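In what follows, a structure is listed as structure tokens, so that the remarks can point back to it.
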Amino acid sequence: MESKYWNEIPEDLDRPRRRQAEFLVYGQLPMALVQQIATYNDQVATAVSRKLIEAGYDIPVNAKPSWYY
């Protein structure tokens, strides 16, 4: 996370995706403010949706691979 640039390099073509996956909210983010969650694929969307339901949240979760770089 301390790196300034996270573009792909021959030794690590997955670097940009991992950088985005490490996005953190500073402090707190009330769940009431979350309108949608996007994941890279349907498998992860299903898993996240199940966890949210178990926790009592009704937040749409959709696979949006085009949102990832």
Filter result (modelled with pLDDT of 75 or more, part of a loop (DSSP other than H, G, I, E, B) and exposed (fewer than 11 other Cβ atoms within 10 Å of the Cβ)) within the range 19-36: GLY27, GLN28, LEU29, PRO30, GLN35, GLN36
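Rundown of residues vs (1) modelled with pLDDT under 90; (2) surrounded by fewer than 13 Cβ atoms within 10 Å (Cβ to Cβ); (3) over 13 Å from the mean Cα position of the chain (by Cα), yes/no style:
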site	(1), (2), (3)
GLU2	yes, yes, yes
GLU8	yes, yes, yes
GLU11	yes, yes, yes
ARG17	yes, no, no
ALA38	no, no, no
VAL48	no, no, no
GLU54	no, yes, yes
VAL61	no, no, no
PRO65	yes, yes, no
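The values are calculated or read from the model by the stated rules, or taken from the named source; none is laboratory data. Quick caveat, the model's predicted, so the values are computed rather than measured. Reconstructed Cβ throughout: ideal geometry from the backbone, glycine too, with neighbour counts over all protein chains shown.
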